[in-house]
Amino acid sequence: EPEVTQTPSHQVTQMGQEVILRCVPISNHLYFYWYRQILGQKVEFLVSFYNNEISEKSEIFDDQFSVERPDGSNFTLKIRSTKLEDSAMYFCASRRTGTEAFFGQGTRLTVV
Amino acid sequence: AQSVSQHNHHVILSEAASLELGCNYSYGGTVNLFWYVQYPGQHLQLLLKYFSGDPLVKGIKGFEAEFIKSKFSFNLRKPSVQWSDTAEYFCAAASGTYKYIFGTGTRLKVLA
């Protein structure tokens, strides 16, 4: 069964450093998403991406965040200068037209 | 504003007990509704979904949910839980853009 894969599973970084979280969506999916879940809180929408551009973003997704689909398979989330409050589980998701989203296993980001 | 609320944050049941988890949504226009389950250390997995048609939706692992439009509810049910159902359950809603709005989640613990 095809699945969304995310790497790394756990990333520890120092405050102020840049991190890139990587995702490989399911191959025939066209819509891509990033969500995050701060420990003990609910899953929050960050950004959606379609046709090589951002289609919607939340207020959390400020100038420190960017997304990219550098090739035909990867979908990345970059945080330019991490803050302590960026510590969270980050989930990538993808979907085809008219279907539900499929989620990856997540990357646990710890900012120290 | 769009929102999803889950009223039960922690539920503890004995095996074979019946389960009902509440979910209410606030959404303008057409809405698609989902229940996801997250087992410890794993990714979000779709239990069931409602797009249209029969408001009683059957999902995997014996779960079902009923969409009651007049009550803005989409409650999850299972007649007899098992120890392996111990997990966190998330209700989610999405409109055409498929930006998911998640509820806060319900942690279910089933005692053997």
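The values are calculated or read from the model by the stated rules, or taken from the named source; none is laboratory data. Keep in mind the model is a prediction, meaning the values are calculated, not measured. So basically every Cβ, Gly included, is an ideal-geometry build from the backbone, and we count neighbours across all protein chains shown. Protein only, heavy atoms only, side chains kept; ligands, DNA and RNA dropped before computing areas. Shrake-Rupley method; radii C 1.70, N 1.55, O 1.52, S 1.80 Å.
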Exclusive hit being modelled with pLDDT under 95 and open to solvent by less than 70 Å² (accessible area, probe 1.4 Å), set B:Lys69, B:Lys78, B:Lys99 = B:Lys99
Determine whether B:Val31 is touching a Ser or Thr at 6+ places or on another chain (Cβ under 7 Å) and buried (at least 18 other Cβ atoms within 10 Å of the Cβ).
-> yes
Out of contact with any helix residue (DSSP H, G or I) (no Cβ under 7 Å at 6 or more places or on another chain), closer than 29 Å to B:His9 by Cβ, open to solvent by 20 Å² or more (accessible area, probe 1.4 Å) and among the acidic types (Asp, Glu) - does that describe any residue in segment A:65-82?
-> no
Could you list, in sequence order, the residues of segment A:68-91 that are within 14 Å of another protein chain (Cβ to nearest Cβ) and farther than 16 Å from B:Ala94 by Cβ?
-> A:Ala88, A:Met89, A:Tyr90
Exactly one of B:Lys61, B:Lys109 is outside any strand (DSSP E or B), basic (Lys, Arg) and either modelled with pLDDT of 95 or more or out of contact with any strand residue (DSSP E or B) (no Cβ under 6 Å at 6 or more places or on another chain) (or both), and that residue is B:Lys61
Quick count over segment A:16-46, residues being open to solvent by less than 50 Å² (accessible area, probe 1.4 Å), β-branched (Val, Ile, Thr) and more than 12 Å from chain B (Cβ to nearest Cβ), is 2
